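Before any comments, here is the structure.
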Amino acid sequence: VLIIIISLGIGMIVYVKNVNAVMAEETAAEDLLAATSGDFQVAGVNPNQSPSWRLNSVAQNHKGTQAADIAGFLAASALFDERKYEEAAKAFEAFQGTEAGRGPLAAAVQFGLAAALDASGDAEGAKEHYQKVVNEHNKIAEATQARVALAKLILAQAEPDKAAAKKLLLAASQESQASRIPNFWGREAERLLAPLNVAAPQEKELEPNGE
């Protein structure tokens, strides 16, 4: 009898925990919807605050839920959209240290960090993290975007390594043609490649012939 009572008690505890977890996810999802949509409001989300503030509140108030993970990433992205680039970089960097930041969102988070550093004027930091996207997430769309962004930073230098930039842009262009990324990045790669392709034969003609 005692064993049966203990088993029932354990079963009830597990059931209550599962119910509470489902309710927590539902509440978090409602708050996330309110934070991202002006057509839906809940008491816990202030519609008068900025998108980044609303999303960050969801991330902080519902830790441990899937909605909080999504909100954390969206909050960093919202800071970027609000042109708070240094804050966005810190938010992306902090999100990288979470379990969600090391999951399916890892490439997007790494690219977001690089883009925020780029926009804030930290070219060296941006180059480092764009390169990490290319190295660690080579087969997905963010890597192509990072190649184009990295090539632009290289070409903006006083003495650019045009060969390195061209290699990055050629890879990005080829991936664009394979329809793996949004067309914007493919067009940007082609735009940046055009003057490099024109300059190449001219530079070759100016080389000494060795005679």
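The values are calculated or read from the model by the stated rules, or taken from the named source; none is laboratory data. Because the structure is a prediction, the values reported are computed rather than measured. For neighbour counting, all protein chains shown are included, and Cβ atoms are generated from backbone atoms with ideal geometry for every residue, glycine included. Quick note on the areas: whole protein, heavy atoms, side chains included, nothing else; ligands and nucleic acids left out. Shrake-Rupley method; radii C 1.70, N 1.55, O 1.52, S 1.80 Å.
Quick look at the numbers
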{"read-out": "Identity of the residue in the range 90-104, modelled with pLDDT under 90 and among the charged types (D, E, K, R), that ends up nearest to His129 (Cα to Cα)", "value": "Arg102"}
{"read-out": "Any hit, the range 183-206, residues being modelled with pLDDT under 95, open to solvent by 40 Å² or more (accessible area, probe 1.4 Å) and not in a helix (DSSP H, G or I)", "value": "yes"}
{"read-out": "Scope the range 100-122; condition in contact (Cβ under 8 Å) with a residue 12 or more places away in the chain and not small (Gly, Ala, Ser); matching residues", "value": "Leu105, Val109, Gln110, Phe111, Leu113, Leu117, Asp118, Asp122"}
{"read-out": "Selection count where residues are among the charged types (D, E, K, R) and surrounded by fewer than 21 Cβ atoms within 10 Å (Cβ to Cβ), scope the range 100-118", "value": "1"}
{"read-out": "Residues satisfying the stated conditions in the range 78-99, i.e. surrounded by fewer than 21 Cβ atoms within 10 Å (Cβ to Cβ), under 26 Å from Thr27 (Cα atoms) and within 12 Å of the chain's Cα centre (by Cα)", "value": "Gln96"}
